[in-house]
Each structure stands twice: as C-alpha cells, then as structure tokens.
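Following: one structure in structure tokens, then a few remarks.
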Amino acid sequence: MPTRYGMLVDLKRCIGCYSCIMACKQDHGVVAGKRWNRVTTVGPIGKFPNVRMHYVYTQCMHCEKPPCVEACPTGALYKRPEDGIVLVDESKCRACFDLCEDACPYKALARDTARGKQTKCTLCVERLEKGEQPLCVQTCVTQALIFGKVQDLPKLMEPRTKGVPTHRLLTDQGTGPGLEYNKDPELGTIKGRRGKVYTDVT
Amino acid sequence: MPEEKLVNVFCGPHCGAYVCEFQAVVKEGKVENLRIHPKTKHPPCAVGWTNAKRLYHPDRLLYPLKRVGERGDGKWERISWDEAMDYVAKGLTEVKQKYGNESIVLYSYVAHHGSPGGAADRSVTPLRLFNLWGGCIHLFDRGNLCAAAYWQSMRRFTGTIHLARPLPKDTELMVIWSSNPVATSRRITPRTIMESKEQYGLKVVVIDPQFTETAALLADEYLPIRPGTDAALALAWLRVIIAEGLYKKDVVLNHTNALFLVRSDNGKMLREKDVGGPSDKYMVWDAKTQQARTFDTAGVEPALTGSQTVKGITVKPVWQRLIELVEPWTAAKAAEATGLPAESIVNLAREFGRKKSKIQFFPIPRFNTTSYGEYASIASEMINVLSGGIIGRMVMRENPHAHIDVGFHATHFDTQVVPNPVSKKVPVGHLAEAILNPKRYGTNIKALYLFRANPVNQHASTQKTIEALKKLDLVVVADLFMSATAQYADIVLPACTYLERSSIREASPVGVGGWTIYYDLPRQLYYCDKAVEPLGESKDDYDITRLLAQKLGMGQDYPWRNAEEWIADNLEKAKENPKYPWLKDVTIDRLKREGIVDVPIPTPPIDWNMPTPSGRVEFYNEELIDMGYEPLPVYLPPRESPEGSPELYKKYPLQLLTSKFKLRPNSSYGNQPELREMYTPDVLMNPEDAAPRGIKDGDKVTVFNDRGQIHLKASVKEAIRPGVVRIYQGQWPADGNVNLLSSDELTLYGENPTYNTGLVNIRKA
Ligand code: SF4
Ligand code: SF4
Ligand code: SF4
C-alpha cells in the first residue's frame with residue numbers, strides 16, 4: 001500500500017498564534033497577501049460571558065480525490081502516486097488560476113501573479129525526504145498539529161482524542177481530505193472561497 | 001552553489017519570552033532564511049519568523065538624517081556619520097555647558113534584549129558614557145511602562161520582584177488573573193498549561209474583563225471582572241480565607257509581620273524602645289503573660305487579634321487590622337464593585353483556599369497599569385502567601401531584569417557603570433510631564449538621546465509627548481525605521497537589527513522566564529552572532545555609542561572595538577569572579593558555535609528569608625505611611641471610571657483597555673507587512689454598546705475622549721464586558737495609536753502609566 005500522509009489538528013490546542021503561517025511563508029517564500037495555511041477564528045459563540053471561541057487551522061488537505069487536479073487543464077497540479085502529496089509542476093502551470101482555485105473547497109491555493117505560477121502547500125516534501133516533519137508541525141508552539149502516515153495516525157492521536165471520534169472538514173465535497181480534527185462539532189461556520197462554507201464539522 | 005552558513009542568533013524584542021534562539025541561514029552575505037534552533041527545538045513565534053524580512057524591510061533607515069524643516073515636518077537631509085556625530089556631540093556639549101548634565105536625558109530602553117546595551121544591563125554601554133561625562137537623567141532608573149506597580153509593591157511586600165511560582169505537574173488550580181499569556185507568552189507557557197490540564201486535570205480560572213485568547217483556550221471558568229476593581233476582588237477573597245480559616249497559621253506567625261503590633265496613634269510598628277526597652281525589635285502581644293514582648297522572646301504566644309494598651313499607646317496586631325480592613329468586603333459588596341456574581345467570588349476563594357497545590361499566575365498583570373495597581377498587587381499576593389501559594393522566591397537585584405543571576409549581566413553592570421553624578425530621576429512614563437512642567441520633578445530637560453524606544457507611540461498621551469519633544473534643544477533618535485518618535489528628532493541615526501550585531505543574554509529554555517511558571521529551570525546563556533554586516537550605513541548601538549564617546553573625547557573608555565570584543569572581555573571578567581564558578585567552561589567560541597550554552601547553576605534553596613526590613617513578608621508596610629500611602633492594601637475606584645469620575649463618565653461611558661497584541665511586541669514590528677496583513681486594527685466592543693450607537697461589526701468608527709480621537713474598525717463581538725472596549729496598544733499612527741486616548745497619570749509609587757484606566761466614547765465614523 002502506498003504511503004499516505006495525514007495530520008491531526010488538535011482544536012483544543014491551537015491558540016491562533018500564526019507561527020505556522022509565518023514560518024511557512026518565510027520558508028517557502030509565499031507571496032505577500034497569500035498563505036499556504038490558514039487559521040480561522042471561530043466565535044465567540046454564545047452570549048457573554050458564556051462564550052466559546054477557537055481557532056481552526058487549515059491547509060491543503062492533500063485530498064484523496066483532489067478536485068484541483070481534475071480541474072487543472074495542463075496537468076500542472078498532480079498527485080504523487082507514491083505518497084499522495086498534491087504538488088504543482090510549475091513548468092506546466094499556465095496561470096489560468098481560477099480553474100483550480102474554484103475547484104478547491106479549502107482555499108488552499110496561493111497564486112503568485114508576478115511569476116505567473118500557482119503555488120500551494122508541498123507538505124514540505126524536502127523535509128519529509130530527510131525524515132523531518134513539515135515546518136508548520138515543527139513550529140507549532142502548542143504542538144496542536146500531529147503529523148504522520150495515515151496508518152500511524154490513530155496511535156498518534158489517541159492521547160489527544162481519548163477515543164473521541166475525529167472529524168474532517170467539508171466531507172460533503174467528497175474529496176477525502178487528509179486532515180482530521182478532534183473537537184466536537186461546535187465550530188459554527190468558516191467561510192470558504194466564493195461563498196462556499198465549511199459547514200460544521202461532520 | 002554558493003556556500004550556506006548557519007549562524008546562531010536570537011530574537012528579543014521585549015515580547016513575553018524576551019529572547020528566542022534560532023539560526024540564520026546566510027548565503028552570499030544575505031540572510032536567506034531562518035531555522036528552528038536544533039538545540040532548543042522551541043519554535044520562534046509568528047513575530048520571530050519575520051525577522052529576516054524585517055532586516056530587508058524597504059523602510060529601513062540606511063544612513064543618518066538631519067532635520068531641515070520644523071520638528072515633525074518630515075523634511076530630512078542625508079548626512080554622513082561624521083557630520084551626524086559631530087552635531088550630536090556639539091549639541092550635547094552646548095546643553096551641558098549652558099544647563100548642566102542634569103538637563104540631558106538618556107533613554108535607552110527595552111526594544112531589544114541583547115547586551116551590550118540591553119534591558120538586562122540597564123543599557124550599560126551608553127550609561128557608562130553619560131555617567132563618565134558628568135551624568136544624565138537615566139530613564140531606566142525610575143518607574144517603568146508596564147510592570148513597576150507590581151515590582152515596587154513586591155519590593156516592599158517580599159523584598160523580591162515576585163515570588164517564584166513553580167508549577168508542580170500536579171497543580172490542581174491555576175488562577176490566571178488580569179493577564180493573557182496565551183497571546184503574550186505564546187512560545188511555551190500555553191503548551192505547558194495545556195499539558196497540565198490534559199494529563200493532570202489542572203483547573204484554570206481566568207479573570208479578565210475581556211474574553212481573551214487565554215480565556216478561550218485555557219479557562220474552565222471565566223470571571224469577567226470590571227476593569228480596575230481587582231483589589232476589591234482580592235479583599236473579598238481575603239475575607240473568606242480569614243473568616244473560614246483557610247489560611248496557614250504557621251506561615252502567618254513565622255513568615256509574615258502580621259503578628260507584630262501596630263500603634264494606633266501613628267500607624268508605626270511598636271518597637272521595644274517605644275515602651276522603654278533597649279532595642280528596635282518588633283513587639284507582639286503575648287497571650288500567655290498578657291503583655292507586650294519582643295516577638296523573639298522564648299515561649300511567647302503571639303495573639304493575632306484584639307486591641308491592647310501598652311504604656312498608654314493603643315496597639316493592635318497587623319492581623320487584627322487586616323481583619324478590620326477586609327470585614328466590610330462581603331461577597332455582595334465585592335460583587336457590586338467587580339461586577340462578578342457574589343457566588344463566584346466566594347467559590348473561588350474557597351476553592352483556592354482548600355486546594356493543596358495552586359497558583360495565581362499573572363505575568364505583568366493588567367491591573368498594574370490601572371490607577372492603584374500597587375494595592376491590587378499586594379492584596380493578590382497576600383492571598384498566595386496566606387493560602388500556601390508561595391513556595392519560593394527570586395532574588396531581586398538592583399537590576400530588575402536579572403531574575404536569573406548567571407553572572408554575565410551582573411558583571412558588566414558592576415564593572416562598567418560608574419555612579420551617576422546626577423541624582424535627579426524622572427519616571428519614564430513622565431518624560432513629557434517633566435519637560436512641560438519642570439517643577440514637577442525639579443528638572444530642566446533640554447536634550448534627549450534615545451535608543452530602543454518609541455515614546456511618542458508608547459507613552460501615554462501622545463500629544464503631550466509630541467508637544468514636549470518640540471520644546472527640546474536637541475533630540476537624537478536611533479531606530480531601524482522612521483518611528484513616530486524619530487519624526488520629532490533633529491538627528492536620526494540608523495540602527496541595525498540583531499541579525500547584524502553580536503549580543504548576549506542570560507536566559508533559560510523558556511527565554512528569560514521571569515514571568516513564567518517555572519522555578520527549577522536550567523540557566524543558559526543565549527548568544528546572537530552577527531549574521532551579516534549592517535545594511536547600508538546602519539550601525540550597531542554599541543558602535544554608535546563608541547563613536548559618540550570618541551567625539552566627546554572619551555574614546556579611551558571604550559577600548560572594545562566592537563560588541564563581540566565587549567562581550568568576550570566581560571565574559572573573562574565574570575569568569576574571574578569566584579561568585580560565578582559555573583561560567584568556567586563558557587567561551588566566546590562555544591557561545592558562537594552552540595548558540596545556547598547551559599550554565600550549571602545550583603537552584604537556590606527555597607526559603608522564607610525575605611530581604612525586607614523585618615526579614616518577613618511585610619503584610620503591613622510602615623514605610624508606605626511616610627510616603628503617604630495606605631500601609632495595607634485598599635480598594636479605590638480607578639481615577640477615570642464610573643465611580644472615580646462620575647461627571648466624566650457621563651460624557652465618556654466606555655472604559656478603555658489597551659491590551660498587548662500577539663503579533664506585535666509593543667510597537668515593534670507594527671510595520672511588518674507579513675504580520676500586518678494578518679489583522680485589521682480594531683476596537684472590540686460588546687453588541688450591547690454597539691447597538692444604541694448604530695454600530696455594526698466591521699463599521700468604521702471613531703473612538704474619542706478629551707485627549708484625542710482615533711479611527712478604527714469596530715469588532716462587535718460577545719468577547720468583552722458591556723461598558724468596556726479594547727484597543728491593542730502598539731499600533732503605529734496610521735493604524736490608530738491608542739495612546740492618543742490614554743492618560744499619563746501614573747500609579748502610586750511604582751509609577752507606571754495607567755494605560756488601562758481611561759474613559760472614551762465611540763461613534764460611527
Ligand atoms: S485541499 Fe485543495 S489544493 Fe489541496 S488537494 Fe484538496 S483540492 Fe487540491
Ligand atoms: S502554530 Fe499551532 S497554535 Fe499557532 S496558529 Fe499554528 S496551529 Fe495554531
Ligand atoms: S517569542 Fe519573542 S523572542 Fe521569541 S520569536 Fe517571538 S518575538 Fe522573538
């Protein structure tokens with residue numbers, strides 16, 4: 001069975017500090033105004049002072065059936081068969097931009113208009129090859145992000161989720177997202193691209 | 001392929017961690033990237049990750065500038081370093097000759113923590129120069145901008161900065177009071193608390209008017225207190241602890257001055273010599289013999305309550321005075337003052353009293369910067385002491401930042417600073433007041449020489465600071481950018497980032513760790529190696545000081561040719577001192593190579609010997625009487641508040657909080673594009689306050705009071721008490737600088753500005 005990577009996002013831990021975003025931007029040279037990963041504030045929900053608020057980390061889900069890849073007319077976006085990582089082959093990207101961005105339900109693409117290339121999270125392939133974890137995971141100040149091969153994840157997650165089932169975002173889109181979330185479904189809504197909405201975790 | 005070099009560096013802009021070590025990836029003389037340090041693996045925060053970008057920020061000042069228009073006109077002329085320093089030396093000399101050294105203010109503050117010149121050594125390098133040159137008013141010497149109310153009250157209470165707060169893993173209850181460590185100490189504190197919650201079931205109570213990140217992520221219980229009423233809560237809490245016997249009597253008797261007798265006529269402690277005895281010793285009422293005896297008499301049984309007459313003097317034990325003080329503070333009364341449910345107050349007091357292992361945690365509490373922050377600080381620490389929350393302490397050196405005395409900072413402080421011939425001191429937050437109102441501190445300030453600080457933006461009452469700077473004969477500012485303050489300078493000197501200079505800092509695996517919950521941490525030295533040469537003509541602060549020394553004919557006092565030499569020489573001096581045997585294996589090469597060097601210092605024993613006049617925790621402080629303050633903590637409504645200024649409140653019915661923001665250590669990095677794109681400057685208000693003003697979430701609004709007005713976006717959210725609004729401090733003028741609204745009134749004797757006491761109103765823009 002080919003490797004597939006996944007991540008658990010511990011919503012009890014994410015403090016919305018954006019260290020993951022800034023680290024990623026610095027390391028990958030993500031252009032101004034764009035991000036490969038995001039943190040969305042959800043809440044406050046309820047009436048003061050009985051309120052809840054949390055931060056939801058998202059990034060490219062390295063989907064099992066990535067619609068961005070399907071939408072891309074040139075084959076620039078592709079899924080590596082050996083490990084399922086979705087990447088951009090820049091030499092093929094013709095900067096149509098909207099096609100893939102509209103297809104992605106997770107706002108995960110970050111166009112570089114100056115270079116005329118689509119860009120996105122690479123899951124830090126260069127680090128994975130050296131046996132390191134992705135930088136966002138390394139830099140997470142609360143260790144809210146747990147990374148691993150999909151088959152190892154349940155074991156890694158156990159201490160955090162304590163048997164509570166994990167959830168994925170926007171499963172109705174049928175893309176098979178690779179990130180799981182541990183919080184009960186009280187997330188409210190997160191606005192996705194062009195009015196699409198992250199419904200409550202399902 | 002050009003060669004890639006990894007250089008050990010640290011970030012240290014006076015955030016909650018103070019310093020984080022990481023590595024700069026340098027290629028062809030350029031910092032290409034940053035890396036998490038392999039030794040700590042502790043990641044930098046979002047701010048830290050932008051440091052390489054900040055180095056190459058397009059707005060960096062790259063050569064010295066001389067003002068050509070009026071102050072504040074923004075008209076500059078490029079000049080050489082030689083011309084600039086001639087101008088500065090001549091200007092300073094003129095002021096010195098005409099008005100004397102006491103007309104010169106040195107302001108070198110905390111915007112970078114590395115030494116030489118860092119906060120830990122109270123800016124030794126420039127201070128040495130000015131002191132040798134006849135002295136100056138050094139703004140590090142009195143008050144400070146955010147923590148002095150707490151420090152100064154602790155200095156009287158326990159004689160130390162604060163009680164060290166170890167967090168045993170199985171701590172049962174943590175009260176995070178008036179503080180938002182999830183945002184401000186994000187690097188490791190939140191994770192530690194989360195792990196304790198997950199693994200050991202730690203319960204966390206958060207007390208804050210705002211539903212902060214800390215309340216959201218950590219609180220099991222959230223108490224939305226009214227701003228500035230923390231002392232009222234503490235007094236009611238103490239009342240429950242005392243009335244229900246939830247305190248440790250042995251602590252009261254053996255480690256506090258609560259058993260000593262106080263004279264009712266003058267409020268002073270009764271001494272043996274007051275009643276005809278030979279000594280200065282404190283007296284207690286001996287329940288056994290029914291007479292006053294010195295506290296250390298063998299077999300004495302001190303009474304904690306009652307009132308007695310000794311040689312015609314009415315006396316009461318401190319404890320009795322405390323009981324009388326807290327007696328009116330029923331939960332109902334405190335509920336009225338604090339806006340918290342009476343039941344929550346009692347429950348909290350009981351729970352805290354009964355739990356075995358608990359901690360109150362407030363690294364630099366917000367109540368510090370309210371009108372009477374000292375009383376709130378002492379009252380809350382009393383709770384800790386009485387109910388066993390105190391376990392250890394940290395020694396307070398003269399240097400308030402040296403929580404961890406590794407020996408390095410102490411050495412250069414001790415060996416390099418000559419006494420300041422000028423004895424006048426001005427609280428840093430009253431720089432403008434002292435200039436505009438010379439009588440207040442008996443000063444006649446004419447010149448300001450400023451590094452690592454941005455008072456126009458960060459001192460309360462921006463307009464006043466601008467007005468004051470315009471009055472001076474000479475203003476010299478060194479900064480990376482044309483800051484709000486640099487705009488009012490005559491000469492602006494281009495400073496460099498820490499990636500372009502060598503510096504050093506005593507620290508621990510959690511940074512400086514002064515406000516952390518750790519006690520038993522290894523001590524370390526962090527080293528920041530110069531990764532690249534300073535950009536353009538910018539210079540290291542140390543080099544600037546040395547240049548000025550040469551211009552003033554004092555080059556011989558700065559024999560170290562650069563910061564690295566200075567560090568190496570100081571390290572040698574520190575190693576010669578038998579007090580610091582643990583430094584023996586530390587060398588400059590090792591520091592450069594490893595970045596972080598462990599310094600094996602034995603953890604100081606936990607004891608109750610307090611460096612106070614009585615050697616005990618001073619519940620009752622008689623010196624405060626001479627200073628005109630209450631010897632026991634009281635609650636007074638903040639000066640600007642519904643109760644403190646009812647007339648003003650009618651006009652400005654919203655209480656303003658000026659909180660610290662997670663993406664900006666004070667005003668530093670306020671212009672960093674990568675961070676700036678993550679937020680829109682806003683004022684947070686409750687829907688109850690927004691609706692009657694016709695304000696909706698996202699609307700542009702004007703926040704105003706008699707001092708000024710600023711324009712922001714309204715965040716209308718159920719995340720703050722009705723009647724209270726929050727604006728983050730540190731926003732640059734174009735983003736809405738909250739200090740246009742804040743008052744420069746100081747707290748009592750700590751003398752920091754009351755940034756969190758203020759009234760405003762809001763209208764739709
Ligand atoms: S999250 Fe978006 S970009 Fe990533 S694989 Fe799925 S569809 Fe493609
Ligand atoms: S670094 Fe971790 S805690 Fe911080 S925003 Fe990212 S996921 Fe959340
Ligand atoms: S926590 Fe402070 S010292 Fe550490 S990287 Fe962030 S801003 Fe720099």
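Every number here is computed from the coordinates shown, using simple stated rules; none is lab data. Just so it is clear, the structure is predicted and the values come from calculations on it, not from any experiment. Every residue, glycine among them, receives a Cβ derived from its backbone with ideal geometry; neighbour counts consider all protein chains shown.
Computed from the Cβ-Cβ distance with R0 of 25 Å, the FRET efficiency linking residue B:556 to residue B:62 stands at 0.25.
Given their separation in residues at 0.36 nm each and the Cα-Cα distance between them, residue A:82 and residue A:3 gain 27.8 nm when the chain is fully extended. The charge dipole of chain B, taken about its Cα centre with unit charges on the Cβ of Lys, Arg, Asp and Glu (plus for the first two, minus for the last two), comes to roughly 460 debye. What the Cα atoms of the stretch B:646-764 give is an Rg and a Dmax of 14.1, 44 Å. Rounded to 0.05, the FRET efficiency of the residue B:636 and residue A:130 pair, given R0 = 56 Å and the Cβ-Cβ distance, is 0.40.
Suppose R0 equals 45 Å. What FRET efficiency, 1/(1 + (r/R0)^6) with r the Cβ-Cβ distance, do residue B:463 and residue B:97 give to the nearest 0.05? Don't skip to the end; give the middle numbers.
On the way: r = 32 Å, r/R0 = 0.71.
After rounding, the FRET efficiency stands at 0.90.
Indicate the gyration tensor shape class of the stretch B:277-351 (rounded, prolate or oblate), computed on the Cα atoms with a ≥ b ≥ c the square roots of the eigenvalues: a/c under 1.5 is rounded; otherwise a/b larger than b/c is prolate and the rest oblate. Taking the square roots of the gyration eigenvalues as a ≥ b ≥ c, the stretch B:277-351 is prolate.
Sparse packing (at most 15 other Cβ atoms within 10 Å of the Cβ) combined with a DSSP loop state is found for the following GluC sites (Glu not before Pro) in the stretch A:39-122: A:64, A:82, A:90. Here the simple spin-label model places points 7 Å from the Cα toward Cβ, and for residue A:32 and residue B:79 these points are separated by 3.2 nm.
Could you work out the mean projected area of the convex hull around the alpha carbons of the stretch B:212-347, in square nanometres to one decimal?
Quarter of the Cα hull surface area: 10.4 nm².
Multiplying the residue separation of residue B:266 and residue B:680 by 0.36 nm and removing their Cα-Cα distance gives an extension gain of 143.5 nm. Sparsely packed loop sites in the stretch B:659-719 (the GluC sites (Glu not before Pro) outside DSSP H, G, I, E and B with at most 16 other Cβ atoms within 10 Å) comprise B:677. Residues in the stretch B:238-252, backbone N under 19 Å from the label point at residue B:342 (7 Å along the Cα-to-beta-carbon vector): list them, ranges by number please. Only B:238-244 pass the distance filter.
Seen against the Cα atoms of chain A and their longest principal axis, helix A:19-28 is set at about 10 degrees. Per 10 Å bin, what is the whole-percent P(r) computed from every C-alpha pair distance within the stretch B:130-238? Pair shares across the bins are 12, 33, 34, 12, 7, 2.
Within the stretch B:289-318, whose backbone N sits under 14 Å from a point 7 Å along Cα→Cβ of residue B:253? Under cut-off, by backbone N: B:289, B:295-305. Projecting the Cα atoms of B:285, B:61, B:211 onto the charge dipole of the protein assembly as shown (Cβ charges, centred on the Cα centre) puts B:211 farthest toward the positive pole. Among B:663, B:712, B:734, whose Cα projects farthest towards the positive end of the dipole of the stretch B:646-764, with charges put on the beta-carbon of Lys, Arg (+1) and Asp, Glu (-1)? Among B:663, B:712, B:734, the one farthest towards the positive end of the dipole of the stretch B:646-764 is B:712. Express in % the proportion of alpha carbon pairs of chain B at distances exceeding 38 Å. Of all Cα-Cα pairs in chain B, 40 percent lie more than 38 Å apart. One quarter of the surface of the convex hull around the alpha-carbon atoms of the stretch A:5-196 equals 11.5 nm², the direction-averaged projected area. The label point for residue B:324 and the one for residue A:45, both projected 7 Å from the Cα toward the Cβ, are 5.4 nm apart. Along the Cα-to-C-beta direction of residue B:437, a point sits 7 Å from the Cα; which residues of the stretch B:721-741 have their amide N less than 20 Å from that point? Inside the label zone: B:739-741.
How big is the charge dipole of the stretch A:5-196 about its Cα centre, in debye rounded to the nearest 20, if each Lys and Arg gets +1 on its Cβ and each Asp and Glu gets -1 on its Cβ?
Numbers: 30 positive and 21 negative charges, 122 e Å.
Charge dipole, the stretch A:5-196, about its Cα centre: 580 debye, nearest 20.
The string of couplings for the stretch B:35-48 from the Karplus curve (6.51, -1.76, 1.60, θ = phi - 60°) is 9, 4, 5, x, 7, 7, 6, 6, x, x, 7, 4, 4, x Hz, one whole number per residue in order, with x for Gly and Pro.
Taking amide H positions as modeled 1.01 Å from N, with prolines and chain starts lacking one, no residue 5 or more places away or on another chain lies under 5 Å from residue B:538. For the residues A:37, A:50, A:182, a GNM of chain A with alpha-carbon springs under 10 Å puts the largest fluctuation on A:50.
The fraction of all Cα pairs in the protein assembly as shown landing in successive 10 Å bins from 0 to the largest distance is 2, 11, 20, 23, 21, 14, 6, 2, 1, 0, 0, given as whole percents. Site pair residue B:765 and residue B:350 shows an inter-label distance of 5.0 nm when each label is modelled 7 Å from Cα along Cα→Cβ. Candidate cross-link partners of residue B:573 among the aspartates and glutamates, defined by an alpha-carbon separation under 18 Å and a same-chain spacing of 8 or more, comprise B:121, B:405, B:414, B:506, B:557, B:564, B:565, B:585, B:589. For chain A, with a Gaussian network of springs between Cα atoms less than 10 Å apart, report the residue from A:22, A:53, A:61 with the top mean-square fluctuation. Maximum fluctuation in the GNM of chain A, among the listed residues, is at A:53.
According to the square roots a ≥ b ≥ c of the eigenvalues of the Cα gyration tensor, what is the shape class of the stretch B:592-678, taking rounded for a/c under 1.5, prolate for a/b larger than b/c otherwise, and oblate for the remainder? Taking the square roots of the gyration eigenvalues as a ≥ b ≥ c, the stretch B:592-678 is oblate. Estimated purely from DSSP H runs of n ≥ 4, each contributing -39500 (n - 2.57), the mean residue ellipticity at 222 nm for the protein assembly as shown is -7000 deg cm²/dmol once divided by its residues. Restricting the stretch B:301-342 to trypsin sites (Lys or Arg not before Pro) that sit in a DSSP loop and have at most 14 other Cβ atoms within 10 Å of their own Cβ leaves B:311. Ordering A:96, A:154, A:31 by Cα displacement along the dipole of the stretch A:5-196 toward the positive end leaves A:31 in first place; charges were set at the Cβ atoms of Lys, Arg (+1) and Asp, Glu (-1). The stretch between residue B:626 and residue B:311 holds 111.0 nm of extra length on full extension. This uses 0.36 nm per residue minus the Cα-Cα distance. Measuring max minus min along each principal axis, the C-alpha atoms of the stretch B:33-188 give extents of 62, 46, 31 Å (largest first). Of all stretches in chain A that contain no trypsin sites (Lys or Arg not before Pro) in a DSSP loop with at most 11 other Cβ atoms within 10 Å, the longest one is A:1-129. Computed from point charges on the beta carbon alone (+1 for Lys and Arg, -1 for Asp and Glu), the dipole magnitude for the protein assembly as shown about its Cα centre is near 1160 Debye.
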